[in-house]
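These notes concern the structure reproduced below.
The values are calculated or read from the model by the stated rules, or taken from the named source; none is laboratory data. Note that this is a predicted model, so its numbers are computed, not measured. Quick reminder, even Gly has a Cβ in these numbers, built from the backbone with ideal geometry, and neighbours come from all protein chains shown.
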Amino acid sequence: MDIQSCVEVRNEWDIVSARQLGRNMAKELGFGNVDQARITTAISELARNIYLYAGRGKICIEPIDQLGRKGLRIVALDNGPGIREIRKVMEDGYTTSGGLGAGLPGVKRLMDEFSIESTVDVGTEISATKWLR
Amino acid sequence: MGVQEKLDNLIVQMINENQETLKNNWLKEVKLFKEKELVGTTLKFSEETDQQFFSMLIKHINFHDISKDGTLDDFFDQVLHTGLPLSYLTQGLQAARRVVLNLLVETENDKEKVAAVYREIDRWLDPILNRVVENSSQIWERTVSVQKTALLELSAPLIPVFKNISVMPLIGSIDTERAKLIMENLLNGVIKYRSEVVLIDITGVPVVDTMVAHHIIQAADAVRLLGSTCILVGIRPEIAQTIVSLGIDLSLFPTKSTLQKGMENALEITNQQLISNK
């Protein structure tokens, strides 16, 4: 299963399509209600970050299979301004946009694995995985 | 100018003389396309439309400014409103170009003349093509803007239910524009209906992320400033779990699992009671 689907994020409606894609794939893979909600919420946060801070980018969602262990991976890519202080961004309550500042740390808690790579003025790549239990 | 007119005449003459052949070839091409792409439309109706389409094209060889002729717009409108796809029109135009060019290549040996007539064909068909695209995109834009307005009207109603108690049921995704509307309607409604308690029902909201939560918290806070109480109801178990995982603090105002429980609570706050007649 190497099917990867991507959604371009340019406006708020694209966030909804990214979410939809994630929900459908999570359902197909057999995730339960709660995990589906976790996955869609995580996608929503990542897509909104792209829309708010980078302006445009894309969300890719792929099913993964590692030695029989199944799961779903979300990759958020953008060529935006990048994140200067990754450690701060991962703290609860830190925000530069007047929001709640719970987005990225929240995604980390919603998912099982989380990694973030960002270079200032080049872009950001965030990848988050949820395993099927 | 003289040369230009002569060429104009050449193409008009050529098309007029061979109208039947062109028409048959064109109909054949269109039929091929329709068999491949348009399954399910009534064939009789479509054939009538084909005939009309072709005579429309022929008629416009003589027009250079097609915007002056309303019948073309009417025809496009009619086609698009009956649900025939835009591709029917664009493919039809491309087929017309093909059949005319084929005939030209077959009958004319003078290369320069062929090139000149080729340009003439562009001058004949391109404005029509532009018109088609313009018309259909206008129709879409109109539809989208009407639906947007309709959606906004549905987006955040505040309903007075009992004395001093109002409910705002939210269904569907919440974006920035809608969040603004929720806040406005909530505050205006609280004043207008003298609501002491407002219930915000999020049963129909598919995803509560930090942005949605943030807007709800702000709205509830604003309601509190007006001296009223906001109760958040309709929190499904999976939403409750994601809210906790996100680390969102909703402890500032009361929450209830269902609208019914929220309503009982609201009646209590406003010192009212539902009494059964029996």
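At-a-glance table
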| quantity | calculated |
| --- | --- |
| When residues of region A:77-95 are limited to those that are closer than 24 Å to residue A:18 by Cα and within 14 Å of chain B (Cβ to nearest Cβ), the one modelled with the highest pLDDT | A:90 |
| Subset of region A:2-27 (residues that are among the charged types (D, E, K, R) and without any contact (Cβ under 8 Å) to a residue 12 or more places away in the chain) | A:27 |
| Residues of region A:7-27 that turn out to be more than 18 Å from residue A:76 (Cβ to Cβ) and facing another protein chain (nearest Cβ under 9 Å), as a count | 0 |
| Filter result for residue B:150 (in contact (Cβ under 8 Å) with a residue 12 or more places away in the chain, of a type in the set (A, V, I, L, M, F, W, C) and more than 14 Å from every other protein chain (Cβ to nearest Cβ)) | no |
| Pairs, first closer than 22 Å to residue B:28 by Cβ and in contact (Cβ under 8 Å) with a residue 24 or more places away in the chain in region B:98-120, second surrounded by 17 or more Cβ atoms within 10 Å (Cβ to Cβ) and of a type in the set (Phe, Trp, Tyr), C-beta under 8 Å, six or more apart | B:99/B:26 |
| Total residues in region B:215-239, condition out of contact with any Cys (no Cβ under 9 Å at 6 or more places or on another chain), surrounded by fewer than 16 Cβ atoms within 10 Å (Cβ to Cβ) and within 14 Å of another protein chain (Cβ to nearest Cβ) | 2 |
| Every pair of residues 6+ apart whose Cβ atoms lie under 7 Å, when the first sits in region B:18-44 and is more than 25 Å from residue B:107 (Cβ to Cβ) while the second is at pLDDT below 80 and assigned to a loop (DSSP other than H, G, I, E, B) | B:41/B:84 |
| Filter result for the condition that a residue is touching a Gly at 6+ places or on another chain (Cβ under 8 Å), more than 10 Å from chain B (Cβ to nearest Cβ), farther than 18 Å from residue B:212 by Cβ and among the small types (Gly, Ala, Ser), over A:71, A:30, A:57 | A:57 |
| Subset of region B:152-196 (residues that are small (Gly, Ala, Ser) and in contact with a strand residue (DSSP E or B) (Cβ under 7 Å, 6 or more places away or on another chain)) | B:156, B:166, B:172, B:189, B:195 |
| From A:93, A:82, residue being surrounded by 15 or more Cβ atoms within 10 Å (Cβ to Cβ), more than 29 Å from residue A:31 (Cα to Cα) and among the small types (Gly, Ala, Ser) | A:82 |
| Residues located in region A:96-131, provided they are buried (at least 17 other Cβ atoms within 10 Å of the Cβ), away from chain B (no Cβ under 11 Å) and hydrophobic (A, V, I, L, M, F, W, C) | A:114, A:116, A:126, A:128 |
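Listed here are the residues, each with its yes/no results for (1) over 19 Å from residue A:34 (Cα atoms); (2) more than 17 Å from the chain's Cα centre (by Cα).
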site	(1), (2)
A:75	yes, no
A:85	yes, yes
A:98	yes, yes
A:122	yes, yes
A:133	no, yes
